[in-house]
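Remarks on the structure that follows.
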Amino acid sequence: MKFAVGQPVRRVEDTRLITGKGKFTDDLKLPNTAHGIFVRSPYAHANISSINFEEALKMPGVVDIYTGEKLKSEGLKHMSVIDFLQNKDGSPMNASKRPILATGKVRHVGDPVVFVVAESMNQALDASELIEIDYDELPCVIDTGKALNSDSPLLFDEFGTNSAVDWEAGSEKEWSDVEEKAHHISKVDLVNNRIVVNPIEPRSATSDFNKDDDRFTVYVESQGSHAMRERLAGSIGVEEKNVKVVTNDVGGGFGLKMMCFPEYIATMFASRALNRPVKWTSTRSEAFLSDSQGRDHVTEASIAMDKEGNFLGVKVDTVAAVGAYLSQYGIFIPTLAGAGMHVGVYKIPVLYNTVNVVYTNTVPVDAYRGAGRPEASYVIERLVDKAADDLGMDPLQLRIKNFVQTEDIGKHEGAILPLDSCDFQKTTEMSIVNSSYDGFAKRKENSKLDNKLKGIGISYYIERTQGEGAENSRVVVSGEGSVKVFAGTQSTGQGHETAWTQILVEKLGVNPEDVSVHFGNSDDLPGGGGTGGSKSLYMAAGAINDASNIMLKKGIEIAANELEASVDDVEYTTDSGPLFQVKGTNRNIDLYSVARLAEGQSNTQILDGESVYEHKDPTFPNGCHICELSIDKETGRIEIDNYSATDDFGKIINPLLVAGQVHGGIVQGLGQAMGEHALYEEETGQLINGSFMDYHMPRADEFPEFDLDFNQDAECTTNTLGAKGCGEAGTVASTTAYVNAIYDALSEYDFNELDMPITPMKIWKIINGIN
Amino acid sequence: MALVEIEVNGKNMSSEVEERQLLVHFLRDDLNLTGTHVGCDTSQCGACVIHLNGNAVKSCSMLTVQANNASITTIEGLADGDKLHPVQEAFRENHGLQCGFCTPGMIMAAVDIIKRKPNLNEKIVREELEGNLCRCTGYQNIVKSILAAANKV
Ligand code: FES
Ligand code: FES
């Protein structure tokens with residue numbers, strides 16, 4: 001079958017994207033659109049003493065100017081976010097209220113203060129230059145590790161602390177028991193550096209309020225139009241039925257585009273007030289100051305072992321920055337998103353984890369590809385390497401010794417992850433071959449001749465995809481000979497149109513050319529789970545399968561009537577085209593003819609099926625990534641010689657798309673290890689590297705060709721496809737593989753923790769004994 | 001305002017433009033050629049690459065008035081009618097794009113690289129992509145696409 005599941009079919013979305021016909025949010029031009037721009041705080045922490053925009057209002061083309069006070073007086077409250085966590089003593093968390101535009105106080109550089117709307121973008125910019133805002137600057141706190149110090153300034157006086165939540169999971173008592181009986185405890189102090197998400201497409205929104213039906217249409221990037229609808233409605237203060245979200249092509253998501261931002265609400269407010277479309281598009285400079293950022297953890301972790309090197313328990317204490325305000329999932333990412341993942345792929349009975357999530361005068365932090373799980377994987381995979389070093393054991397053997405084995409599945413003892421399937425041993429064996437691990441010693445020896453320090457690093461990562469939830473789909477067959485699939489998921493580059501077509505072609509036996517996939521319009525389906533947490537494939541597949549079955553059931557009734565057979569005797573077959581057939585005969589009628597019949601019937605009208613697919617279990621993509629690199633002793637320059645990724649994603653639907661996800665994921669993870677870092681000046685809270693000129697975006701010439709392989713033996717048992725999901729895996733894996741390789745290369749030198757990003761300068765200092 | 005005469009994708013046009021207007025905004029806003037993208041404001045990302053008199057340039061880094069009397073090709077004008085340019089074809093064949101936002105700039109840059117560098121190899125392609133950022137693909141399939149196209153052109 002052409003286009004079936006498992007084939008590396010070429011993408012159906014590409015034709016429009018390679019010819020310039022993609023439709024991104026900023027491409028939209030509704031008639032009579034007004035353009036908005038934001039005046040943002042230049043200070044990290046300050047009281048606003050006055051705002052004067054009289055002169056600006058008189059500038060040509062200016063339509064109106066809004067401040068936080070104005071929005072407040074018109075009943076706007078604050079952004080709708082997740083804030084249901086409790087402190088470990090049972091008291092409620094300190095949930096900040098993020099305003100649409102700042103009132104009273106600004107809390108980070110880039111905090112939006114005034115919204116200027118004009119006929120054109122340039123007119124809005126010209127006018128904004130005449131706005132006078134007086135600030136009384138306050139001392140700020142930038143460093144995550146210092147947020148809880150008693151002498152640090154408070155972002156929210158009403159809380160009396162910068163802690164948003166002081167959270168724990170697991171039992172402290174169990175850990176102290178383990179600590180007591182352990183033969184050895186290894187420790188690491190880690191900083192998981194702050195990342196700027198930087199999809200190449202900047203954010204943009206056009207809001208269009210329609211007075212007659214009292215309804216907003218918001219054209220905005222998202223990772224699911226329904227979740228965006230919920231947040232937009234909640235933040236502007238209307239019911240969901242009064243908001244329609246349209247998401248067209250999205251130029252990269254990585255978690256960021258899941259979030260609802262104050263700028264979107266400001267365009268909605270202005271559109272309603274002015275009764276015309278209002279558009280805002282971020283510049284890159286603005287994106288650095290307003291897109292939610294990722295990671296930013298400071299962690300102390302310990303692993304306890306017995307004499308033989310069997311792991312007994314892990315303790316992880318983290319301080320995680322949430323930035324100046326809670327963002328949408330800001331509180332969830334460092335706590336629940338990664339909870340329990342610190343045991344990795346190992347049989348570790350005890351895990352005790354504390355997280356203090358803190359406010360700092362920085363851009364809010366939220367999900368970034370992997371969201372909580374790369375941070376956890378970094379902790380355990382660094383710990384294991386440290387333990388191997390302390391015990392004088394080979395890091396690979398120490399891992400193998402402690403792996404959860406296939407026969408352990410279902411036992412779910414202690415803190416061990418509740419896996420449905422695994423094959424860590426075989427994946428590792430494949431990886432050893434793929435990376436020529438055994439020949440490394442020889443290669444290292446040879447590299448000494450070139451004055452190089454060679455290192456090899458292993459990362460056996462595991463990820464937990466988002467399990468629990470629901471996804472919607474609708475399948476509509478038209479008598480004209482086409483099938484439309486609607487899904488609640490949202491592609492931000494993954495190729496959903498192609499993959500969902502493959503799933504439908506396999507199910508219905510129709511021609512791929514006759515299938516079209518639709519998502520992004522919240523009116524098309526009553527709800528949708530959206531894309532995030534690497535779950536789209538198995539969720540959409542489940543929903544499309546269910547919707548198809550409902551459609552087929554309808555079809556069988558119509559076909560039975562037409563073929564003068566009983567419903568029980570009619571089946572759907574794809575053996576020789578998409579046909580309803582009387583069992584055991586060659587009496588049949590094809591799918592599209594049945595659709596035409598349905599269209600003629602007043603009680604059916606169309607041949608369609610709609611479903612809500614519910615799913616409980618997460619999946620556990622995992623794999624062994626091995627990175628080999630060389631350091632130039634003279635300069636500290638690092639070169640990746642070889643990067644080998646062997647992944648277990650269960651069954652693979654389209655190997656081409658999966659490889660693409662892994663390549664991109666690896667580079668994002670390596671970017672963090674090699675150079676990406678949102679660097680704030682401590683005194684002033686200014687983002688020092690707020691442009692592509694200064695921020696280390698990974699570029700093509702920093703990487704070798706990655707070598708990929710897949711172990712498809714351990715299919716996932718909790719979904720019909722057998723697939724585990726692959727969207728975030730590369731990012732979870734690669735950061736640690738790189739860092740472990742650096743530590744290996746520098747093993748002859750004496751130094752304390754070396755934090756990411758690992759720059760040639762840091763290495764050069766170590767080599768030359770400079771602190 | 002200033003009057004400019006520019007040939008865009010084979011068509012001559014004259015327009016009144018603001019002197020301060022960037023060429024990329026002329027293409028996107030005035031001509032509705034939205035295939036050329038804006039990904040930054042510091043001339044780093046390459047999402048805006050077009051051909052000006054046959055050479056790749058970043059259209060965010062020059063004024064429309066500087067393109068007066070020039071001939072411009074954008075991504076919309078690269079294919080020969082329905083027949084894709086070999087570089088477009090290679091990007092599709094080799095999964096050289098994911099979200100597709102960097103892609104028009106990548107393809108326009110790639111056509112120029114192939115023209116300028118007769119003996120391309122992986123290393124040269126990677127170095128030549130210095131001015132084009134992609135956040136999705138990890139570059140591997142972009143490099144592969146360009147090498148595949150180089151063999152065909
Ligand atoms: S928009 Fe031109 S280089 Fe980024
Ligand atoms: S494909 Fe998304 S930025 Fe390159």
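Numbers for the structure displayed
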{"read-out": "Search result, residues across the stretch A:409-430 that are over 26 Å from the mean Cα position of the chain (by Cα) and surrounded by fewer than 19 Cβ atoms within 10 Å (Cβ to Cβ)", "value": "A:409, A:410, A:411, A:412, A:413, A:414, A:425, A:426, A:429"}
{"read-out": "Odd one out for residue A:654 among (1) closer than 24 Å to residue A:195 by Cβ; (2) within 13 Å of chain B (Cβ to nearest Cβ); (3) touching a residue at least 12 places away in the same chain (Cβ under 8 Å)", "value": "(1)"}
{"read-out": "Residue A:119 vs. criteria outside the structural domain of residue A:167 (by TED's automatic domain parsing) and touching a His at 6+ places or on another chain (Cβ under 8 Å)", "value": "yes"}
{"read-out": "Residue in the stretch B:28-42 that is nearest to ligand 2 (Cβ to nearest atom), counting only those that are within 24 Å of residue A:691 (Cβ to Cβ) and outside any loop (DSSP other than H, G, I, E, B)", "value": "B:28"}
{"read-out": "Selection status of residue A:68, of a type outside the set (S, T, N, Q) and on the phi > 0 side of the Ramachandran plot", "value": "no"}
{"read-out": "Where residue B:32 falls short, out of the listed (1) away from ligand 1 (no atom under 16 Å from the Cβ); (2) more than 8 Å from chain A (Cβ to nearest Cβ); (3) closer than 24 Å to residue B:99 by Cβ", "value": "(2)"}
{"read-out": "Criterion violated by residue A:8 - all others in (1) away from chain B (no Cβ under 14 Å); (2) at pLDDT below 95; (3) within 30 Å of residue B:47 (Cα to Cα) satisfied", "value": "(1)"}
{"read-out": "Among the candidates A:122, A:149, A:162, A:198, residue that is more than 30 Å from residue A:387 (Cα to Cα), free of Cβ contacts under 8 Å to residues at least 24 places away in the same chain and either buried (at least 24 other Cβ atoms within 10 Å of the Cβ) or in contact with a strand residue (DSSP E or B) (Cβ under 9 Å, 6 or more places away or on another chain) (or both)", "value": "A:122"}
{"read-out": "When residues of the stretch B:16-52 are limited to those that are in contact with a strand residue (DSSP E or B) (Cβ under 9 Å, 6 or more places away or on another chain) and among the acidic types (Asp, Glu), the one nearest to residue B:132 (Cα to Cα)", "value": "B:30"}
{"read-out": "Residue A:75 being in the same structural domain as residue A:269 (by TED's automatic domain parsing) and at pLDDT 95 or above", "value": "no"}
{"read-out": "Test for residue B:90: is it within 16 Å of ligand 2 (Cβ to nearest atom), modelled with pLDDT of 95 or more and assigned by TED's automatic domain parsing to the domain that holds residue B:112", "value": "yes"}
{"read-out": "Residue list for the stretch A:127-145, restricted to those being assigned to a loop (DSSP other than H, G, I, E, B), over 33 Å from the mean Cα position of the chain (by Cα) and of a type in the set (Val, Ile, Thr)", "value": "A:131"}
{"read-out": "All positions within the stretch A:576-595 that are part of a helix (DSSP H, G or I) and under 20 Å from residue A:547 (Cβ atoms)", "value": "A:591, A:592, A:594, A:595"}
{"read-out": "Selected residue [away from ligand 2 (no atom under 16 Å from the Cβ), facing chain A (nearest Cβ under 10 Å) and not aliphatic (A, V, I, L, M)] from B:18, B:7", "value": "B:18"}
{"read-out": "Residue check for residue A:222: surrounded by 24 or more Cβ atoms within 10 Å (Cβ to Cβ) and under 18 Å from residue A:486 (Cβ atoms)", "value": "yes"}
{"read-out": "Subset of the stretch A:703-718 (residues that are among the polar types (S, T, N, Q) and more than 14 Å from residue A:729 (Cβ to Cβ))", "value": "A:712, A:717, A:718"}
{"read-out": "Wholly within the stretch A:442-490, strands (runs of 3 or more DSSP E) carrying at least 2 residues that are among the basic types (Lys, Arg) and not assigned by TED's automatic domain parsing to the domain that holds residue A:528", "value": "A:452-462"}
{"read-out": "Whichever residue in the stretch A:14-46 is polar (S, T, N, Q) and away from every other protein chain (no Cβ under 14 Å) and, among such residues, is nearest to residue A:153 (Cα to Cα)", "value": "A:41"}
{"read-out": "For residue A:656: the one exception among (1) in a helix (DSSP H, G or I); (2) surrounded by fewer than 20 Cβ atoms within 10 Å (Cβ to Cβ); (3) at pLDDT 95 or above", "value": "(3)"}
{"read-out": "Residue count for the stretch B:97-132, restricted to those that are closer than 20 Å to residue A:8 by Cα and over 15 Å from the mean Cα position of the chain (by Cα)", "value": "2"}
{"read-out": "Residue satisfying all of: in the stretch A:377-405; touching a residue at least 60 places away in the same chain (Cβ under 8 Å) and under 30 Å from residue A:494 (Cβ atoms); surrounded by the most Cβ atoms within 10 Å (Cβ to Cβ) among these", "value": "A:378"}
{"read-out": "Filter result for the condition that a residue is acidic (Asp, Glu) and either at pLDDT 95 or above or within 16 Å of ligand 2 (Cβ to nearest atom) (or both), over A:468, A:497", "value": "A:497"}
{"read-out": "Index of the failed condition, residue A:32 passing every other in (1) at pLDDT 95 or above; (2) in contact with a Leu (Cβ under 7 Å, 6 or more places away or on another chain); (3) surrounded by fewer than 18 Cβ atoms within 10 Å (Cβ to Cβ)", "value": "(2)"}
{"read-out": "Test for residue A:252: is it modelled with pLDDT of 95 or more, within 16 Å of ligand 1 (Cβ to nearest atom), under 17 Å from the mean Cα position of the chain (by Cα) and crowded, with 20+ Cβ neighbours inside 10 Å", "value": "yes"}
{"read-out": "Residue match in the stretch A:322-333 (condition: more than 14 Å from chain B (Cβ to nearest Cβ) and in a helix (DSSP H, G or I))", "value": "yes"}
{"read-out": "When residues of the stretch B:75-89 are limited to those that are closer than 23 Å to residue A:201 by Cα and aliphatic (A, V, I, L, M), the one nearest to the chain's Cα centre (by Cα)", "value": "B:75"}
{"read-out": "Which listed residue is out of contact with any strand residue (DSSP E or B) (no Cβ under 6 Å at 6 or more places or on another chain), hydrophobic (A, V, I, L, M, F, W, C) and either surrounded by 19 or more Cβ atoms within 10 Å (Cβ to Cβ) or under 25 Å from residue A:250 (Cα atoms) (or both), from A:589, A:544, A:626, A:558", "value": "A:558"}
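Results for (1) under 30 Å from residue A:639 (Cα atoms); (2) modelled with pLDDT of 95 or more, shown as yes or no for each residue.
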site: B:58; (1), (2): yes, yes
site: B:61; (1), (2): no, yes
site: B:64; (1), (2): no, yes
site: B:78; (1), (2): no, yes
site: B:110; (1), (2): yes, yes
site: B:125; (1), (2): yes, yes
site: B:134; (1), (2): yes, yes
site: B:151; (1), (2): yes, no
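The values are calculated or read from the model by the stated rules, or taken from the named source; none is laboratory data. Predicted model only: the values in this text are computed from it and were never measured. Backbone-built Cβ (ideal geometry, glycine too); neighbour counts: all protein chains shown.
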